[in-house]
Amino acid sequence: MPKLQGFDFWRTTLKGARYVVAPMVDQSELAWRMLSRRHGAHLCYTPMLHAQVFVRDSNYRKENLYNDVCPEDRPLIAQFCANDPEVFVQAALLAQDYCDAIDLNIGCPQMIAKRGHYGAFLQDEWDLLHKMITVGNERLSVPITCKIRVFSEIDKTVKYAKMLEKAGCQMLTVHGRTKEQKGPLTGVASWEHIKAVRKAVSIPVLANGNIQYLSDVDRCIQETGVLGVMSAEGHLHNPALFEGRNPPVWEMAEEYLEIVRLYPCSLSYIRAHLFKMWHHTLHVYQGLRDELAKVKTIAGVEEVNRELKKRCQEEMANQVEGEKPKGGLPFPHWICQPYVRPGPKKLPVENGDRSTEAKTCSKRALEDEEGNPEFLSKNKLKKKARNPHKNFDLAQKPKYAKCEQCGNPKGNKCVFSLCRGCCKKKAFKETADCPGHGLLFKTKFEKSLKWKHAENEGMMNGDKAGGHIQTDSITAQLNGTESGNVV
Ligand SMILES: Cc1cc2nc3c(=O)[nH]c(=O)nc-3n(C[C@H](O)[C@H](O)[C@H](O)COP(=O)(O)O)c2cc1C
């Protein structure tokens, strides 16, 4: 059967998908996809896979695709990042029997993509992209799709999209933000850019960005004319988004955890999902945030969910009728709802020409990422989610005095002004004490002498055993070999 293309591919293979769950590293795993499909998603993506690792490492292939085969998990698009046509095609050939299409990620704006030279950092390498897609389109049995970010200029974005279409891309997902719009500069996505692309190409276009409620989906489709809409963050906060429902957070968590029992995944993914779903509630019940960060089993997570449910239900019972949700939220904190990030420092330009804004953002974004304390990396954001009071500003970190010998932080109460390691060596060599570090070589040596003396006296009195044990113990302590004693 010939390979379906463009609109036929969307209509037949993707069954006219309108509600789409985004590819998300560590977050669009099988369990999440199954939950999403139960709640209205028509199409899901795998998290981004590294083409080179996929080709090289059979375990990576199993863990990230082959072991997750599930007939109900279709239609499914496997997404890759790549910067070499041959590697991309080899990876896609190894993946094509497990999915309905292969997506090329040319939208990732993160530092890791900059270092690895992929994602949005290929946005200016049109020849390379053209080749990757052409070769993929020729050699694969499934269609190639692309997920892109926009350029600040609408014209350039349109030219770019047309180039990808010409190369053989069969469906485009347009994330209406530039590659500089990330972290604190994320801001709103431009549906205007998406609309211009949709009008210019003759392949299906999906819109991505600003989708937090079902009403956004309808509005986006109406304004841009796209066939479907993709959601990432909005969907993580409310997996029932495509049903137009906002259920209680514990209900969604319960269901997700049941699915995880059927389709297991890493505890770190589970935690990350619950931190997102419970985002607003964990601001109220800080202790549960710590509990969630600490638990080591699914049963433990379920227990935290039960406690969260209990507390929220008590709060609901005491709610005064007509009382407005706290914190300016549209719903009470225990209801699945989006988290709206504070906007970028510069507001979008009103006349639609965002080039100046984007230029400013571009420079700022790179500076932010590399030095500005306001920029938080993904890992730091995760740490902040667990501990909102955490301060990452290096200037405000306490300064430690240095050890005189090695430069490591010295012990505050060390009598020699050294770090613990250097102090231990010195105190042992000189048979000295450092109470600050709990090192009592001198005291113990003196005690051992006393015991030896007592032992000698005991031997003279016929009492042998007790004395030996004590002396051996002291020798071990002096050598630092008896665990837990020399502290
Ligand atoms: C946790 C997380 C992981 C993501 N991982 C990927 C990825 O693997 N591939 C990709 O193309 N985009 C990835 N993205 C970006 C989203 O797919 C999406 O383009 C972006 O979040 C904008 O959509 P939104 O406004 O609905 O959040 C990720 C986003 C999030 C929040």
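The values are calculated or read from the model by the stated rules, or taken from the named source; none is laboratory data. The shown structure was predicted, so the numbers you read here are calculated from the model rather than taken from an experiment. Using ideal geometry, Cβ is built from the backbone for each residue, glycine included, and neighbour counts are taken over all protein chains shown. For accessibility, only protein heavy atoms count, side chains too; no ligands or nucleic acids. Shrake-Rupley method; radii C 1.70, N 1.55, O 1.52, S 1.80 Å.
Just the residues that are open to solvent by less than 80 Å² (accessible area, probe 1.4 Å) and farther than 27 Å from Leu262 by Cα, please, taken from the stretch 296-315.
Arg311, Cys312, Glu315, listed by residue number.
Name the single residue that is farthest from the chain's Cα centre (by Cα) among those in the stretch 41-59 being within 15 Å of the ligand (Cβ to nearest atom) and open to solvent by 20 Å² or more (accessible area, probe 1.4 Å).
Among them, the one singled out is Val53.
Find the residue count for the stretch 13-35, including only residues that are over 17 Å from Cys99 (Cα atoms) and in a strand (DSSP E or B).
So the answer is 1.
Yes/no matrix, rows are residues, columns are (1) surrounded by 15 or more Cβ atoms within 10 Å (Cβ to Cβ); (2) within 13 Å of the ligand (Cβ to nearest atom):
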site	(1), (2)
Val229	yes, yes
Ala232	yes, yes
Ala240	yes, no
Gly244	no, no
Leu257	yes, no
Phe275	yes, yes
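Under the condition of being more than 20 Å from Gln110 (Cβ to Cβ) and open to solvent by less than 40 Å² (accessible area, probe 1.4 Å), which residue from the stretch 14-31 is nearest to the ligand (Cβ to nearest atom)?
Val20
Please indicate, with yes or no, whether at least one residue in the stretch 207-229 is basic (Lys, Arg) and in contact with a Ser or Thr (Cβ under 6 Å, 6 or more places away or on another chain).
no
For the stretch 152-177, how many residues are open to solvent by 10 Å² or more (accessible area, probe 1.4 Å) and away from the ligand (no atom under 16 Å from the Cβ)?
Residues flagged as open to solvent by 10 Å² or more (accessible area, probe 1.4 Å) and away from the ligand (no atom under 16 Å from the Cβ) within the stretch 152-177 amount to 12.
In this structure, does Lys131 turn out to be within 16 Å of the ligand (Cβ to nearest atom), surrounded by fewer than 24 Cβ atoms within 10 Å (Cβ to Cβ) and among the basic types (Lys, Arg)?
It is false that Lys131 is within 16 Å of the ligand (Cβ to nearest atom), surrounded by fewer than 24 Cβ atoms within 10 Å (Cβ to Cβ) and among the basic types (Lys, Arg).
Specify which of the listed residues (Ile102, Ile106) is open to solvent by less than 20 Å² (accessible area, probe 1.4 Å) and away from the ligand (no atom under 12 Å from the Cβ).
Exactly one of Ile102, Ile106 is open to solvent by less than 20 Å² (accessible area, probe 1.4 Å) and away from the ligand (no atom under 12 Å from the Cβ), namely Ile102.
Please count how many residues of the stretch 205-227 are within 13 Å of the ligand (Cβ to nearest atom), in contact (Cβ under 8 Å) with a residue 24 or more places away in the chain, part of a helix (DSSP H, G or I) and farther than 20 Å from Met171 by Cβ.
0
Just for the stretch 277-288: of the residues that are closer than 21 Å to Asn379 by Cβ and open to solvent by less than 10 Å² (accessible area, probe 1.4 Å), which one is nearest to the ligand (Cβ to nearest atom)?
Out of the qualifying residues, it is Met277.
Could you please tell me which pairs satisfy a Cβ distance under 9 Å, a separation of 6+ or placement on different chains, a first residue in the stretch 36-49 that is modelled with pLDDT of 95 or more, and a second residue that is of a type in the set (Val, Ile, Thr) and surrounded by fewer than 24 Cβ atoms within 10 Å (Cβ to Cβ)?
Arg38/Ile259; Pro47/Val25; Met48/Val25
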